[in-house]
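Asks: Attaching a single structure in structure tokens format; questions to follow.
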Amino acid sequence: MQIEHVRQAYSSVAELYIGLFGTSQQVHADDLAFIGRHLAGRPGAVLDLGCGPGHITGHLRSLGVDARGIDMVPEFIAHAQATHPDGSYQLGSIEHLDVANHSIAGILAWYSLIHFPPHRLDGMLAEFRRAMAPGGALVLGLFVGDEVAAFDHKVVTAYRWPLDEVSERLTRAGFAEVERLQRPSDGTHRPHAAIAAVATA
């Protein structure tokens, strides 16, 4: 799938998406706690990749984090800049980060990898590791299943992953898993997981 197709799909539903998911109050409390546990208190910049409307970036900033949002959807960046004028939000690619090697203290990729075809995951994790200082934290949010498989996401095709396979790919990319959080389907939401890892020396 071309990433431009994903950008256009989100642009077309940006207003609806912002209404449904655009504040930190609409994020599960366990997820916010997990994100804060691994990304708060770190000296240095933390990138929120695929930041969407900027709500989690803003939450991290409220915790004292030097969080910076990056997204490819202009409507999301415009909303984030208007809603969080003291924050840093910019259009950009999450596959090619415009930062120096080993310069970033942390990365949040909260459901921002779900639309990429599976064969591109390793390259993105390698790019995250390039940008990350040793000991930096990476937090991923994703949909989980028994095998890597595409499904019909409400916006555009997405992929679910076995969590153990994601952990193995993190290891190969130079990260070490430190915690995972799983939440089964509740009849409304698909099975969800979050995984936190640190960049190894």
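The values are calculated or read from the model by the stated rules, or taken from the named source; none is laboratory data. If you're wondering where the values come from, they're calculated on a predicted model, not measured in any experiment. Methodologically, a virtual Cβ is constructed for each residue, glycine included, from the backbone with ideal geometry; neighbour enumeration extends over all protein chains shown.
Asks: Over 19 Å from residue 95 (Cα atoms), surrounded by fewer than 18 Cβ atoms within 10 Å (Cβ to Cβ) and modelled with pLDDT under 95: does that describe residue 144? Lay out the reasoning, then the answer.
Replies: Details: over 19 Å from residue 95 (Cα atoms): yes; surrounded by fewer than 18 Cβ atoms within 10 Å (Cβ to Cβ): no; modelled with pLDDT under 95: yes.
Criteria not met by residue 144.
Asks: Need pairs with beta-carbon distance below 6 Å; first residue in contact (Cβ under 8 Å) with a residue 60 or more places away in the chain and within region 30-45, second among the acidic types (Asp, Glu); sequence gap 6+ or separate chains.
Replies: 45/66
Asks: Let me ask something else about it. Given the criteria under 30 Å from residue 64 (Cα atoms), at pLDDT below 95 and outside any strand (DSSP E or B), does residue 113 qualify? Steps first, answer last, please.
Replies: On the way: under 30 Å from residue 64 (Cα atoms): yes; at pLDDT below 95: yes; outside any strand (DSSP E or B): yes.
Yes, satisfied.
Asks: With the requirement that a residue be touching a His at 6+ places or on another chain (Cβ under 9 Å), closer than 15 Å to residue 28 by Cβ and in a strand (DSSP E or B), what does region 158-193 give you?
Replies: Within region 158-193, 181, 182, 183, 192 qualify.
Asks: Further question on the same structure: Based on what the data block shows, is residue 100 in a loop (DSSP other than H, G, I, E, B), free of Cβ contacts under 8 Å to residues at least 60 places away in the same chain and small (Gly, Ala, Ser)?
Replies: Details: in a loop (DSSP other than H, G, I, E, B): yes; free of Cβ contacts under 8 Å to residues at least 60 places away in the same chain: yes; small (Gly, Ala, Ser): yes.
When the stated conditions are applied, residue 100 passes them.
Asks: Would you pick out the residues in region 101-125 that are surrounded by fewer than 14 Cβ atoms within 10 Å (Cβ to Cβ) and either aliphatic (A, V, I, L, M) or touching a Gly at 6+ places or on another chain (Cβ under 9 Å) (or both)?
Replies: Listed by number, the list holds a single entry, 102.
Asks: Here's a follow-up. Could you tell me which of the residues 158, 150 is crowded, with 19+ Cβ neighbours inside 10 Å, farther than 16 Å from residue 107 by Cα and of a type in the set (Gly, Ala, Ser)? Steps first, answer last, please.
Replies: On the way: 150 fails: crowded, with 19+ Cβ neighbours inside 10 Å.
Of 158, 150, the one residue that is crowded, with 19+ Cβ neighbours inside 10 Å, farther than 16 Å from residue 107 by Cα and of a type in the set (Gly, Ala, Ser) is 158.
Asks: Consider residue 139 carefully, then state whether it is assigned to a helix (DSSP H, G or I) and surrounded by 19 or more Cβ atoms within 10 Å (Cβ to Cβ).
Replies: Working: assigned to a helix (DSSP H, G or I): no; surrounded by 19 or more Cβ atoms within 10 Å (Cβ to Cβ): yes.
It is false that residue 139 is assigned to a helix (DSSP H, G or I) and surrounded by 19 or more Cβ atoms within 10 Å (Cβ to Cβ).
Asks: Follow-up. Could you please find all residues in region 164-182 being surrounded by 16 or more Cβ atoms within 10 Å (Cβ to Cβ), among the hydrophobic types (A, V, I, L, M, F, W, C) and closer than 13 Å to residue 125 by Cα?
Replies: 166, 170, 173, 175 - these are the residues of region 164-182 that are surrounded by 16 or more Cβ atoms within 10 Å (Cβ to Cβ), among the hydrophobic types (A, V, I, L, M, F, W, C) and closer than 13 Å to residue 125 by Cα.
Asks: Being over 19 Å from residue 37 (Cβ atoms), at pLDDT below 90 and of a type in the set (Lys, Arg) is true for just one of 183, 160, 190. Which residue is that? Walk me through it before giving the result.
Replies: Values: 183 fails: over 19 Å from residue 37 (Cβ atoms); 160 fails: at pLDDT below 90.
Only one candidate passes the filter, namely 190.
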